[in-house]
1. Just give me the residues in the range 77-126 being hydroxyl-bearing (Ser, Thr, Tyr) and in contact with a helix residue (DSSP H, G or I) (Cβ under 9 Å, 6 or more places away or on another chain), in sequence order.
2. Report whether or not residue 195 is without any contact (Cβ under 8 Å) to a residue 12 or more places away in the chain, not assigned by TED's automatic domain parsing to the domain that holds residue 99 and not hydrophobic (A, V, I, L, M, F, W, C).
3. Checking the conditions here, which among 70, 98 is under 20 Å from residue 40 (Cα atoms) and assigned to a helix (DSSP H, G or I)?
4. Go through (1) closer than 21 Å to residue 154 by Cα; (2) outside any loop (DSSP other than H, G, I, E, B) for residue 58 and report which single condition fails.
5. Check residue 250 against each of (1) within 20 Å of the chain's Cα centre (by Cα); (2) at pLDDT 95 or above; (3) outside the structural domain of residue 117 (by TED's automatic domain parsing); (4) not charged (D, E, K, R) and name the one condition it does not meet.
6. For the range 1-26, name all the residues that are assigned to a loop (DSSP other than H, G, I, E, B) and either crowded, with 17+ Cβ neighbours inside 10 Å or not small (Gly, Ala, Ser) (or both).
7. Among the residues of the range 43-61 satisfying the criterion of being surrounded by fewer than 20 Cβ atoms within 10 Å (Cβ to Cβ) and under 17 Å from residue 105 (Cα atoms), which is farthest from the chain's Cα centre (by Cα)?
8. What are the residues in the range 27-42 that are surrounded by fewer than 16 Cβ atoms within 10 Å (Cβ to Cβ) and either outside any helix (DSSP H, G or I) or modelled with pLDDT under 95 (or both), if any?
Amino acid sequence: MTQTDSHNAEILEQIMENDCLLPPGTDPLAFCLDLLENFDSTDARLRDELSYSLLARLLTEYRILRIQEREALLKVALDDQHLFYRIGESGTDSVLMRGFSILVVPLILDPDIEHPQLDAGLVHETIDRVLSYAREERDRRGYVNGKGWAHTIAHTSDALDSCALHPLCTDEERLEVLHCIVDLATLSSPIYFQEDDRLAFTVSRILEKGWVTTEALEDWMNRLTKPEGSAPDSVIRLTNLEHFLRSLYFLLKWKHVDDGLIEELEKRLHALSWVVQTGSL
């Protein structure tokens, strides 16, 4: 198979329909690397429905790459031409490459959680790169009209979840993940494509494992207060935070995680409520 073939939607669709069986003589790593290059396509079908979906099945369902090949693919996905491609831009198509490159992280880390094989240094480097990306991304669009999902917040949350659940992740790194999620949940741009659910899900998975000390959790909870600043940014940040906390509250309640923690979240939500603040309750 040639590189041109890997950019052909019809050929990729045939591979998907044929139980992801690659043509004879195809180098699996080279093919996966070629799929990465499709992430900058403005064609949602080629980028998302075919290239990403095919890569996901090859890596998690069929496990076609050896450990060294998975590491090589991850390193490329994290580099300046993929995850950090034209980082800092907003409103341009470069967000598509970044928004989908971040999804390679869970594709590589999740299968490694039960039986770790990845190099420890690479795992910690991955966590650091994901956290850096979360801080540096400026394009928070969920959906780009005519071009499909970018979903940088939701996809970043998925990657943070995989980082936090990996057994090589340290307590300090998990705490950084929690604080990073608060940063994302209090952005001054509206989040309304269920990003609040995705962010809350990641936090709930960390909290239900009991991986955070009482003191560290208290410090984190103290950040869940009314954002300061002038309108409309402060109102947008407050709204984002309320949506996030509501999602987290119900997730923990449904999972029966620590009644004391659920009560504390309820207090935070009560204090943030417009109805309470205006004395209308």
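1. Scanning the range 77-126 gives 85, 94, 101, 126.
2. Spelling it out, it is not the case that residue 195 is without any contact (Cβ under 8 Å) to a residue 12 or more places away in the chain, not assigned by TED's automatic domain parsing to the domain that holds residue 99 and not hydrophobic (A, V, I, L, M, F, W, C).
3. Among 70, 98, only 98 is under 20 Å from residue 40 (Cα atoms) and assigned to a helix (DSSP H, G or I).
4. (1)
5. Unmet condition: (1).
6. Answer for the range 1-26, where residues must be assigned to a loop (DSSP other than H, G, I, E, B) and either crowded, with 17+ Cβ neighbours inside 10 Å or not small (Gly, Ala, Ser) (or both): 1, 2, 7, 8, 18, 19, 20, 21, 22, 23, 24, 26.
7. 61
8. Answer for the range 27-42, where residues must be surrounded by fewer than 16 Cβ atoms within 10 Å (Cβ to Cβ) and either outside any helix (DSSP H, G or I) or modelled with pLDDT under 95 (or both): 27, 42.
The values are calculated or read from the model by the stated rules, or taken from the named source; none is laboratory data. Every value quoted in this text rests on a predicted model; they were computed, and no experiment measured them. Please note: Cβ atoms are built from the backbone with ideal geometry, for glycine as well, and neighbour counts cover all protein chains shown.
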